[in-house]
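Read-outs: derived from the displayed coordinates by stated rules, not from any lab. Fair warning: this is a prediction, and the values are worked out from it, not measured in the lab. Neighbour counts are summed over all protein chains in view; Cβ atoms, including those assigned to glycine, are modelled from backbone coordinates with ideal geometry.
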Amino acid sequence: MIDVHCHLEQKDYDKDRDEIILKCKKELKAIITSCAHPKDFEKTLEIVNKYKDYVFATAGIHPTYIKELTEKEIDDFIEILRKNKNVLVGIGEIGLDIWHIKEPYWREKQVALFIKMIKLAKELDKPIVIHARDALEETLKILETENAKKVLLHMWGGHALMDKVNKLGYYVSMNSIIMSSKSYRKVIKKIPLDHLMLETDAPWLAIKKTKKGYSLDTDARNDSLTIKLIAEKIAEERDIDFNTIWKTCGLNANKFFDLHLNI
Ligand SMILES: [Zn+2]
């Protein structure tokens, strides 16, 4: 009952952020918000400080933002993360995204940024949260080469690579994409239960009820409470009772991010 990946600093929540968090507090044990751009870090810190021991943060630079930042801005942010290491429960989301970034020059820059961030996570002894889109094999290869140990693959769609993921001992967190994607549902079946977590990626990936169940609703705003519906869907797909999924995913998150919560 921990949403391990969302973006509470997004402006979508500016009008009712406190309300949303208090509503979540009644049903969830914790929320981990992910700061993906240096410009969002201050707001992230504000939220985490306000909701100590309830909202936790990871921070990094999302690979899609590679074109927006100079080398100096990247290095300055790394220094800021170093200084704030006690506030952070992980580094991420970081990784590769060659769906958004096509040019070879920028892809190379993306790889360099990714490696820099992995090294930072190792230096600070923090787990890593991965974003990978259309570069799944390369992402695993870099993580393996860099000897990254504590890795969570956020919204991981590479079902064909699950043998490798499991061999490396990486974790996977799933969100409402499973309502509409068969390949993500295949991942659910291949990930050991003790390596699975729940996430929303909110404010994105809201869902709506349909005749057949749920489908993605791109116009609506999502929030962390959706993990309940995601857990229900996973329980159905794996033919395991809801409470086992709910509790185990919470325990996995508590251990992985070293949150020291009473689950
Ligand atoms: Zn995200």
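Per-structure values
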{"item": "Relative contact order for the chain, counting Cα pairs under 8 Å that sit 6 or more residues apart, in percent", "result": "19 percent"}
{"item": "Segment GLU46-LYS247, length gained on full extension (0.36 nm per residue, minus Cα span)", "result": "69.5 nm"}
{"item": "Efficiency of FRET between GLU237 and GLU123 - r from beta-carbon atoms, R0 41 angstrom, step 0.05", "result": "0.60"}
{"item": "Prolate/oblate/rounded call for region 187-244, Cα gyration tensor, a/c under 1.5 rounded", "result": "prolate"}
{"item": "Of the DSSP H helices in the chain, those whose Cα atoms cover at least 24 Å axially and whose Kyte score averages -0.5 or more", "result": "104-124"}
{"item": "The chain: calculated mean residue ellipticity at 222 nm from DSSP helix runs of at least 4, using -39500 (n - 2.57)", "result": "-12500 deg cm²/dmol"}
{"item": "Debye, to nearest 20: dipole size of region 27-122, +1 on Lys, Arg Cβ, -1 on Asp, Glu Cβ", "result": "260 debye"}
{"item": "Region 87-165 shape via C-alpha gyration tensor axes, a/c threshold 1.5", "result": "oblate"}
{"item": "Dipole moment magnitude, nearest 20 debye, the chain about Cα centre, only Lys, Arg, Asp, Glu C-beta charged", "result": "620 debye"}
{"item": "Top positive-direction residue, dipole computed over region 2-256 with Cβ charges, set ALA235, ILE101, LEU28", "result": "ALA235"}
{"item": "Footprinting exposure proxy for TYR214, TYR171 (fewest neighbouring C-beta atoms within 10 Å first)", "result": "TYR214, TYR171"}
{"item": "Taking TRP156, TRP99, TRP106, TRP246 and counting other C-beta atoms within 10 Å, the order from fewest to most", "result": "TRP99, TRP106, TRP246, TRP156"}
{"item": "Contour minus Cα-Cα distance for HIS260 and LYS212 (0.36 nm per residue)", "result": "13.4 nm"}
{"item": "Inter-label distance, nm, simple model (7 Å from Cα along the C-beta direction), LYS228/LYS141", "result": "4.4 nm"}
{"item": "Debye equation applied to the C-alpha atoms of region 2-256, log10 I(q)/I(0) at 0.09, 0.10, 0.14 Å⁻¹", "result": "-0.36, -0.45, -0.93"}
{"item": "Given charges at beta-carbon only (K, R positive; D, E negative), |dipole| of region 81-129 in Debye", "result": "220 debye"}
